[in-house]
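Since the structure comes first, as structure tokens, the remarks are kept for the end.
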Amino acid sequence: MTETTLRSPADEALLERFRARKPVALARAISMVEDERPGFQDFLHTVMADGPSARRVGFTGPPGAGKSSLVAAVATAYRTAEEQVGVVAVDPTSPYSGGALLGDRIRMNDIATDPGIFIRSMATRGSLGGLATTTKEVVDLMDAFRFDRILVETVGVGQTELEITAAADTVVVVLVPESGDAIQAMKAGLMEIADVFVVNKADRPGAARLVKELRQALHLRAGSAMKDVPAHHGVDLGRALKRERTEDPPAPDREGWEIPVLTSNALTGEGLEELLETIAHHRTWLTEGGALEERRRERAARRIRDVVDRGLRRVAWRSERVRALLDEGVERIARGGGTPYSAADEILGALLR
């Protein structure tokens, strides 16, 4: 596959405008990828040839945590530093039109008119993982468009928002006091994906308690919460309570990064500077320790698997022979003479032959 494989003069013209950094060309390229129009993979291959360069930051967390407001504040700060910023906001899917409800885009109206910020809202279209099926490819397009910074906001759907790790270098998990305690965050798998925790709307009651619970949960995860406390009947309550009254330091991640727990108020800007400094510090840690290259390799491997899976599905269900075997399998199951596994085995056998 080379640059000469673009299927039509229209694609060639789109590529020329894309490389000239015309926002309209980026929007049309994203639509081509979202709709999986003929030639979209060739287009992606051509524009991605130079590899990734943008700094990718993901924001995830439960609905109502203030992610959109925080993303808007962060984007504004990066624009103040004269960075070009791309924003991918993944919205819930409308049950009627199948499109994005555009709630995130509405909440980002204050920055939508900035020519240095490009915002794309995407519908999940039933996809799990907190991202739309083609979100990672849209992020790749923005990277190829040469934005300095790409911010990705997930739909925030509880225990299914872990796909953000396949799109971002740094993952910021945003919580609010009313979103529940740290145990719920552990159950949702957020401890495994977070590089930074932010307790937003920190002026609300319960914020300090949530910060404390998160820090304690991070210590439990690292196995260090009670390492100096004698076990069972020998617990030194005086020492334990003394530690409880002091602020716990960030717990070390299994890869060596100390996961911080920050507070913010996106509407007033409180805590924003510390968040930006922490994101920058994490980027330095990723780069100097080789973790950025490792994460990019893992992302590339996952993307290859995704593309192969999608290609195999397309090949399989476009085959007349496979569709015939599917119908035959359904009939056998209806007569009590087969199972989904026997039918699938026949289909796989036909594909592999």
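Every read-out reported here was derived from the displayed coordinates using simple, explicitly stated rules and does not represent laboratory data. What you see is a predicted model, and the numbers here were worked out from it, not measured in a lab. With ideal geometry, Cβ positions are generated from the backbone for all residues, glycine too; neighbour counts draw on all protein chains shown.
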When a footprinting reagent is the concern and you count Cβ atoms within 10 Å, what order do ASP114, ASP35 take, fewest first? ASP35, ASP114
Tell me, Kirkwood radius of the stretch 10-49 from alpha-carbon pair distances, in Å? 9.9
Within 10 Å of each residue's Cβ, count the other Cβ atoms and sort THR263, THR154 from fewest upward. THR263, THR154
Cα-based Rg of the stretch 1-90 per 2.2 N^0.38 Å, rounded to two decimals? 1.32
